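Right, one structure below, let's go through it.
No value in this document is a laboratory result; all are computed from the given coordinates. Predicted model only: the values in this text are computed from it and were never measured. When we count neighbours, we look across all protein chains shown, and the Cβ atoms used for this are built from the backbone with ideal geometry, even at glycine.
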Amino acid sequence: MPPGGALRVAFRVDPGWESLAARLLVDGADVTGDCSQRLAGTHPPSRVELVYAPPGGWSPGAHEVAVIAPGAEPDAWTFSVS
């Protein structure tokens, strides 16, 4: 990912959903409150994305991401910024 890029994590949602209960952790910090949300252009919306870019951009090197959603196993991965 380039230093100025944004991390996007997509979730399928059921019709009538009201809020996304998932949390997004980056390098161990909960950044959910710093994310913007984008809805899919379908009616009713069937997908929502959490979009996160750290203030000042990403520092070079490896970063760890984890998604924690109620009732599901946590999902984690790493990516590199060069």
Below 8 Å between Cα atoms, with a sequence gap of 6+, how large is the relative contact order for the chain in percent? 37
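Just to check, using Stokes-Einstein with a Kirkwood Rh over alpha carbon pairs, what's the diffusion coefficient of the chain at 4 °C and 1.567 mPa s in µm²/s?
Working: Rh = 13.6 Å.
Diffusion coefficient, whole number: 95 µm²/s.
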Taking the Cα centre of the chain as origin, sum charge times position over the Cβ atoms of Lys and Arg (+1) and Asp and Glu (-1), and report the length of that vector in debye to the nearest 20. 260
Identify, among Ala40, Ser80, Ala62, the residue whose Cα sits farthest towards the positive end of the charge dipole of region 7-81, taking +1 on the Cβ of Lys and Arg and -1 on the Cβ of Asp and Glu, with the dipole about the Cα centre. Ala40
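Where does region 17-61 land on Rg(C-alpha)/(2.2 N^0.38 Å)? The partial results should precede the final answer.
Details: Rg = 12.8 Å, N = 45, 2.2 N^0.38 = 9.3 Å.
Normalised Rg, Cα atoms only: 1.37.
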So what are the ³J(HN,Hα) numbers for region 6-11, from phi and the Karplus equation (6.51, -1.76, 1.60; θ = phi - 60°), rounded to whole Hz, Gly and Pro as x? 10, 7, 10, 10, 9, 10
